[in-house]
Amino acid sequence: MTTLNQAVKIESPVASISHLLPFEQKQHIEKLYFPKVQQATDRMSKAESEYQDAVESRSVLINQKVTEYLANPSERHGFKVVQVYPTNQQQVIQSMAERGYMVHRVSVGMVTFIRMPKNAKDNPLQGITEKATAEAELTIDKMIERLKVKAAEAIHQRNKIVIEARKALDSIKSFESYLNVIVTESEGVE
């Protein structure tokens, strides 16, 4: 069973080391804050690197997402996906052909259709590809924006730790501040 003091750990590095000499206080603060600053710097570098990589490879990421969307046909991109059974598969294909659709892919229990082109020169996947590309661009841009926010947050966290460490170091009195001569009335000054 933990006590309240163990459950709530309050760190006050400067207050707890005031009995140490100034150079010992500095060493203690450095030992306390160096790992924190190092971890925050690593997190910041990683977040910035992820953001930069995403910005630089935006077009590649969009192409990968478009390929993923086209590999998994969806009606939101313009495919027509119909559930079929072995007994009615042929009738479904025939009825869709009459409505102006042609078979794009046949899988177990599903048939994916696309609109028949109006003339032979038209690419039946062009509209579908355009919709998939627009959605992929939106998705990748949102991901890049999230990475940008994550990088900014990592920088902010590191800056908070650095400022906290500087304040702790600035609070250490120099050794000279302890060397003041105190004059009392009982002593004779000559």
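Might you let me know whether the range 89-102 holds any residue that is surrounded by 13 or more Cβ atoms within 10 Å (Cβ to Cβ) and touching a residue at least 40 places away in the same chain (Cβ under 8 Å)?
no
Filter the range 30-74 down to the residues that are open to solvent by less than 90 Å² (accessible area, probe 1.4 Å), outside any helix (DSSP H, G or I) and not hydroxyl-bearing (Ser, Thr, Tyr) and list them by number.
73
Hey, among 154, 132, which residue is of a type in the set (Gly, Ala, Ser), part of a helix (DSSP H, G or I) and under 18 Å from the mean Cα position of the chain (by Cα)? Quick ask: steps written out before the conclusion?
On the way: 132 fails: under 18 Å from the mean Cα position of the chain (by Cα).
Within the list 154, 132, the selection yields 154.
Considering only residues of the range 116-136 that are touching a Gly at 6+ places or on another chain (Cβ under 6 Å), of a type outside the set (Gly, Ala, Ser) and at pLDDT 85 or above, which is least open to solvent (accessible area, probe 1.4 Å)?
Looking at residues that are touching a Gly at 6+ places or on another chain (Cβ under 6 Å), of a type outside the set (Gly, Ala, Ser) and at pLDDT 85 or above, I get 128.
Quick one: would you say residue 104 is in contact with a Leu (Cβ under 9 Å, 6 or more places away or on another chain) and not hydrophobic (A, V, I, L, M, F, W, C)?
Answer is yes for this residue.
For the range 45-78, enumerate the residues that are among the acidic types (Asp, Glu) and closer than 18 Å to residue 124 by Cβ.
Taking the range 45-78 first, the residues among the acidic types (Asp, Glu) are 48, 50, 53, 56, 68, 75.
Within the range 45-78, 75 is the sole residue that qualifies.
The values are calculated or read from the model by the stated rules, or taken from the named source; none is laboratory data. Treat the numbers as computed from the prediction; the structure is a model and nothing was measured. Backbone-built Cβ (ideal geometry, glycine too); neighbour counts: all protein chains shown. Accessible surface areas use protein heavy atoms only, side chains included; no ligands, DNA or RNA. Shrake-Rupley method; radii C 1.70, N 1.55, O 1.52, S 1.80 Å.
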